[in-house]
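Please read the structure below before turning to the comments.
The values are calculated or read from the model by the stated rules, or taken from the named source; none is laboratory data. Please read all numbers here as calculations on a predicted model, not as lab measurements. All Cβ positions, glycine included, derive from the backbone under ideal geometry; neighbour counts span all protein chains shown.
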Amino acid sequence: MACFNGLSAEQQHRLVTYGNLPFGYEPAGTCTNGAEVEVTTVWDLFPGPRFYCRRCAVEYLRTFTPTVSNNGD
């Protein structure tokens, strides 16, 4: 499986919304590495998985800023 950053925006949206990609999909993103680490946070808008290579996972977590609502959610 490709790194999440190796997927196009449409492929990423399908993965996090439906939890899968169509059979025979071709990665169309910027990273050419394979997936190694699954990243999920309590602030994710969608419950679907995101799998990154180690380099992209570290960069994602390094720059991650959770969105906290004002109503305590």
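Among residues of segment 1-36 being charged (D, E, K, R) and part of a helix (DSSP H, G or I), the one that is surrounded by the most Cβ atoms within 10 Å (Cβ to Cβ) is R14. If you scan segment 1-37, which residues turn out to be without any contact (Cβ under 8 Å) to a residue 40 or more places away in the chain and in contact with a Phe, Trp or Tyr (Cβ under 6 Å, 6 or more places away or on another chain)? Scanning segment 1-37 gives V16, T17, A35, V37. From the set of residues in segment 37-52 that are outside any strand (DSSP E or B) and not hydrophobic (A, V, I, L, M, F, W, C), which is surrounded by the most Cβ atoms within 10 Å (Cβ to Cβ)? The extreme case among them is R50.
Which one is nearest to G6 (Cα to Cα) among residues in segment 53-69 that are part of a loop (DSSP other than H, G, I, E, B) and free of Cβ contacts under 8 Å to residues at least 40 places away in the same chain?
First, pick out the residues of segment 53-69 that are part of a loop (DSSP other than H, G, I, E, B): 53, 64-69.
Next, from what is left, pick out any that are free of Cβ contacts under 8 Å to residues at least 40 places away in the same chain: 64-69.
On the way: F64: 18, T65: 22, P66: 23, T67: 24, V68: 28, S69: 30 Å.
Checking each candidate, the answer is F64.
On the basis of being more than 12 Å from the chain's Cα centre (by Cα), at pLDDT below 95 and over 19 Å from T65 (Cα atoms), does G24 make the cut?
On the way: more than 12 Å from the chain's Cα centre (by Cα): yes; at pLDDT below 95: yes; over 19 Å from T65 (Cα atoms): yes.
Spelling it out, G24 is indeed more than 12 Å from the chain's Cα centre (by Cα), at pLDDT below 95 and over 19 Å from T65 (Cα atoms).
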